[in-house]
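K.L.:
Below is the structure I would like to discuss, written out as structure tokens.
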Amino acid sequence: MGTTQRTARARRGAARTRAWRPTLAAVLSAGLLLSGWQAASAGAVPGGLPDGRDTGPLPVRIGGKSADRAQDGDPDTYAKGSRSHWVGADLGATRRLDRVRLSLPGKAQQVQLQGSVNGRDFVELSDARARKGEVTLRLGGAPVRYLRAVGATRVGELAVYGAASGDTAPPKAPQRIRLDGATLRWERVPGAAGYDIYADGRLRAGLPATATRWQDTTAAGGTRQKVAYTVRARDAAGNQSPDSRAATRVVAAGKGSSRAAFTPPRAKPTSKAAPERAGNVTATGADMPYTTVEAESGTTGGGAQVVGPNRKIGDLAGEASGRKAVTLKETGQYVEFTTTVDTNTLVTRFSIPDAPGGGGTDATLNVYVDGEKSKALDLTSRYAWLYGPEAAPVNNPGAGPARHIYDEAQLDLGRTVPAGSRIRLQKDADNSSSYAIDFVDFEKVSATPNPDPEAFVEPAGFTHQDVQNALDKARMDTTGRIQGVYLPPGDYRTSSKFQVYLKPVKVIGAGPWFTRFHAPSGQENTDVGFRADNGANGSTFSGFAYFGNYTSRIDGPGKVFDFQNVSDITIENIWAEHMVCLYWGANTDRMTLKDNRIRNTFADGLNMTNGSSDNLVTDNETRATGDDSFALFSALDSGGGDQQHNVYQNLTSKLTWRAAGLAVYGGRLNTFRNIRVADTLVYSGVTISSLDFGYPMNGFGPEETTFEGLGIERAGGHFWNGQTFPGIWLFSASKPFRGIRVNGAEITDPTYHGIMFQTNYVGQQPQHPVEDTELTDVTVSGARKSGDEYDEKSGFGIWANEMPEAGQGPAVGEATFRGLTLRDNAEDIRNTTSTFKINIE
């Protein structure tokens with residue numbers, strides 16, 4: 001049936017005495033890149049014997065308040081840990097460890113030891129329990145570079161001991177080293193557990209065993225520079241091969257990006273146990289400054305009900321995060337949360353009914369802190385509730401079934417509520433609606449002051465013209481002292497786009513909770529935001545929010561940042577809600593979009609198109625976008641050329657109500673890594689497609705497009721008149737589909753199926769086949785029969801679709817899986833075609 005399988009599926013139910021050891025080994029084999037300081041300090045490892053046996057204690061660098069007291073030999077003096085900075089140690093390089101000894105003075109502390117190889121992805125090395133005095137934790141040879149004592153507020157002494165290793169034979173050096181522009185390539189080495197990349201003798205990256213290429217996007221700086229690259233193979237015991245032969249390139253002055261392409265995000269300490277890795281990768285997604293708590297995990301009272309789970313469109317559970325919610329229908333019903341962090345703000349995702357004729361209703365819901373009434377949340381359903389045609393729903397209840405029934409509301413609590421407090425959402429007699437609560441966010445915020453009053457102009461007031469006047473003043477400055485505009489805390493009224501041109505400008509707000517732009521409340525669908533021309537290259541937009549008044553999708557306007565033919569602009573810490581998109585970039589290069597929150601839009605969260613290249617999209621979270629949350633579309637209709645060298649990393653997409661969490665349409669040499677997608681309503685979690693939508697477009701390849709570390713939960717759905725969609729959709733269509741590499745993906749509990757291959761047909765003839773496509777370290781679990789009208793098209797772990805819809809035909813081409821795990825699926829692999837081949841190695 002077009003499927004070859006040379007090895008059995010992954011073993012099921014293998015007994016494990018300690019979950020954290022294989023988990024950490026998987027983290028090591030993922031071989032994630034070291035940060036700049038890590039790379040500079042990683043080299044020869046002290047404290048080991050020539051035959052490969054480690055002796056202890058090993059030299060370490062201790063972090064934490066009064067860190068030196070954890071190494072002064074006196075167990076009665078101690079370093080201090082806190083939730084924002086636990087006491088930890090850096091060994092300078094990954095080592096296999098035998099044990100860690102801690103001195104914990106005073107009363108017992110709830111302590112768990114956690115470890116990491118990259119400073120970001122921490123996993124359990126011990127259980128979490130009360131400990132005091134002298135404590136020895138055995139690690140059994142776990143490979144670790146970074147340690148932290150989570151929960152320990154006092155650490156008297158910390159000593160780390162290396163493990164003996166009987167394996168001292170290094171692997172062979174990588175062969176066939178070559179450069180393709182900025183991309184270094186090599187052949188795999190048998191038995192290698194990973195590869196280390198060096199530039200001019202400095203460690204630049206650690207990569208997994210599946211890697212055969214690495215792209216350097218670090219600029220040479222102000223002068224022309226010659227760079228020599230070498231590669232070393234690394235085995236499971238940590239032994240390195242000799243250097244490969246060198247490959248050399250000359251980088252012109254100022255070329256490339258000012259950032260490393262694969263820099264991991266900043267660490268975010270947490271006392272929560274890290275998730276177990278599957279396929280060598282666990283997607284953690286964006287690192288955002290707030291803590292989200294699901295309503296179903298709170299405490300309910302007064303008769304409040306947890307509803308769900310289900311996957312129904314227009315249903316309170318089916319459109320909720322985790323597919324569950326809490327309903328408050330009667331007076332006295334509540335859901336209560338115990339805060340795990342200090343907070344002075346509250347966000348909740350909610351649903352209240354629409355008006356009978358559409359247009360929304362308004363309501364309040366009371367908030368209590370530790371049993372005392374605090375404030376009331378103001379809620380509206382004006383921006384929710386669409387009806388009728390799935391591809392173009394409208395604000396008319398008579399048009400057909402409902403969808404997009406949730407929205408969000410925010411509240412400044414007016415004081416800091418400490419961790420461990422109880423925050424309750426309660427329906428009282430003065431709360432006239434019925435409510436569904438999906439989740440809450442807790443975040444402690446403070447306003448950022450003007451960084452330099454002499455360099456940043458402030459508007460005279462809060463009107464649109466006040467802000468434009470300040471932008472003009474900064475633009476017309478001839479002294480060279482004015483850098484930009486500072487927007488003090490306040491609610492700014494805006495009714496059109498601001499213009500930035502002729503020179504770069506920094507537009508800095510006090511933070512998105514404090515500097516807030518609002519479209520006119522008495523209007524709908526007002527086009528607000530920013531435009532910039534190429535004279536503004538190098539500008540920065542940071543620290544403010546945009547609350548639009550869109551109630552339906554209108555293609556064209558509605559983008560907060562609508563940019564074309566610009567470059568080197570940074571957009572960071574922006575909150576966008578009730579807009580069409582946050583960002584649309586046509587032929588925009590070397591842009592940085594980071595730390596943004598994108599919510600309840602009517603189209604894409606952000607989209608790079610028309611040759612946009614060398615861009616970095618990192619640490620952004622979307623919730624409830626009305627089209628692809630994060631998109632790259634290699635169209636050519638508005639200029640531009642090859643779309644390449646983009647990096648999308650550390651991203652989270654939740655609750656996309658139309659289209660995918662991540663969608664990539666063509667391009668080459670682009671990288672998408674550490675991306676988490678959850679609860680898409682009708683479409684795939686990740687779309688990889690060569691369909692041109694009728695626009696001139698470049699397909700994929702011939703160079704590779706790489707996806708690394710995808711985590712996809714409860715994704716998929718049905719759309720386009722009954723076609724079902726998977727966790728990952730690979731769709732070969734009007735342009736070449738080739739060079740696709742998926743390295744590490746975990747698909748959990750898909751709505752219909754895990755991975756689907758499909759080919760587009762025109763005139764009963766297939767277009768381009770799936771070619772040169774490899775998926776490595778992929779896990780699909782929980783693809784079950786749906787039990788709905790699409791039951792016959794459900795339950796497949798992997799599906800070569802034989803007939804997606806009338807007038808189409810079976811998937812065409814070939815794909816190869818390595819390290820495939822299939823678990824708890826109704827049917828692991830379905831391929832009834834003679835036109836598609838699935839190779840499993």
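K.L.:
Considering only the stretch 587-604, state which residues are under 15 Å from the mean Cα position of the chain (by Cα), among the hydrophobic types (A, V, I, L, M, F, W, C) and under 16 Å from Arg623 (Cα atoms).
P.N.:
Of everything in the stretch 587-604, just one residue is under 15 Å from the mean Cα position of the chain (by Cα), among the hydrophobic types (A, V, I, L, M, F, W, C) and under 16 Å from Arg623 (Cα atoms), namely Ile598.
K.L.:
Taking the stretch 72-104, which residues are of a type in the set (S, T, N, Q) and either part of a strand (DSSP E or B) or in contact with a helix residue (DSSP H, G or I) (Cβ under 6 Å, 6 or more places away or on another chain) (or both)?
P.N.:
Once the filter is applied, which keeps residues that are of a type in the set (S, T, N, Q) and either part of a strand (DSSP E or B) or in contact with a helix residue (DSSP H, G or I) (Cβ under 6 Å, 6 or more places away or on another chain) (or both), the stretch 72-104 yields Thr77, Ser82, Thr94, Ser103.
K.L.:
Restricting attention to the stretch 801-829, which residues are among the charged types (D, E, K, R) and more than 13 Å from Gln758 (Cβ to Cβ)?
P.N.:
Glu814, Arg818, Arg823, Asp824, Glu827, Asp828
K.L.:
Give the residue, chosen from Asn600, Asn610, that is at pLDDT 95 or above, more than 18 Å from Pro512 (Cβ to Cβ) and assigned by TED's automatic domain parsing to the domain that holds Ile569.
P.N.:
Asn610
K.L.:
Related question: Being in contact (Cβ under 8 Å) with a residue 12 or more places away in the chain, part of a loop (DSSP other than H, G, I, E, B), more than 27 Å from Leu681 (Cα to Cα) and not charged (D, E, K, R): is that true of Thr751 here?
P.N.:
For Thr751, the condition - in contact (Cβ under 8 Å) with a residue 12 or more places away in the chain, part of a loop (DSSP other than H, G, I, E, B), more than 27 Å from Leu681 (Cα to Cα) and not charged (D, E, K, R) - is not met.
K.L.:
Which condition breaks for Glu336 when tested against (1) under 24 Å from the mean Cα position of the chain (by Cα); (2) not in a loop (DSSP other than H, G, I, E, B)?
P.N.:
Result: Glu336 passes all but (1).
K.L.:
Further question on the same structure: Looking only at the stretch 703-733, how many residues end up being outside any strand (DSSP E or B) and without any contact (Cβ under 8 Å) to a residue 40 or more places away in the chain?
P.N.:
If we filter the stretch 703-733 for residues that are outside any strand (DSSP E or B), which is where we start, we get 703-704, 714-716, 720-722, 726-727, 733.
Subset that is without any contact (Cβ under 8 Å) to a residue 40 or more places away in the chain: 716.
Qualifying residue count for the region: 1.
K.L.:
Further question on the same structure: Only one residue in Ala455, Ala447 is over 27 Å from Tyr383 (Cα atoms) and more than 31 Å from the chain's Cα centre (by Cα). Which one?
P.N.:
That would be Ala455, the only listed residue that is over 27 Å from Tyr383 (Cα atoms) and more than 31 Å from the chain's Cα centre (by Cα).
K.L.:
Do we have any residue at all in the stretch 319-328 that's over 22 Å from Asn600 (Cβ atoms) and not small (Gly, Ala, Ser)?
P.N.:
no
K.L.:
Identify, please: which residue in the stretch 142-165 is outside any strand (DSSP E or B) and at pLDDT 85 or above and is, among those, nearest to Val341 (Cα to Cα)?
P.N.:
Gly151
K.L.:
Got a number for residues in the stretch 545-574 being crowded, with 23+ Cβ neighbours inside 10 Å and either under 14 Å from Gly509 (Cβ atoms) or hydrophobic (A, V, I, L, M, F, W, C) (or both)?
P.N.:
Residues that pass the stated criteria total 9.
K.L.:
Restricting the search to the stretch 105-141, which residues are small (Gly, Ala, Ser) and not in a strand (DSSP E or B)?
P.N.:
Those that are small (Gly, Ala, Ser) and not in a strand (DSSP E or B): Gly119, Ser126, Ala128.
K.L.:
Just name the residue that is surrounded by the most Cβ atoms within 10 Å (Cβ to Cβ) out of those in the stretch 414-437 that are among the β-branched types (Val, Ile, Thr) and farther than 19 Å from Val306 by Cβ.
P.N.:
Val417
To keep it simple, each residue is scored yes or no on (1) acidic (Asp, Glu); (2) out of contact with any Gly (no Cβ under 9 Å at 6 or more places or on another chain); (3) in contact (Cβ under 8 Å) with a residue 40 or more places away in the chain.
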site	(1), (2), (3)
Val445	no, no, yes
Asp452	yes, yes, no
Glu458	yes, yes, no
Asp491	yes, yes, no
Asn525	no, no, no
Thr540	no, no, yes
Phe544	no, no, yes
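K.L.:
Considering Gly787, Gly807, which residue is small (Gly, Ala, Ser), at pLDDT 95 or above, at positive phi and part of a loop (DSSP other than H, G, I, E, B)?
P.N.:
Gly787
The values are calculated or read from the model by the stated rules, or taken from the named source; none is laboratory data. Predicted, not measured: the structure shown is a model, and the values here were computed from it. Cβ atoms come from the backbone with ideal geometry, glycine included; neighbour counts cover every protein chain shown.
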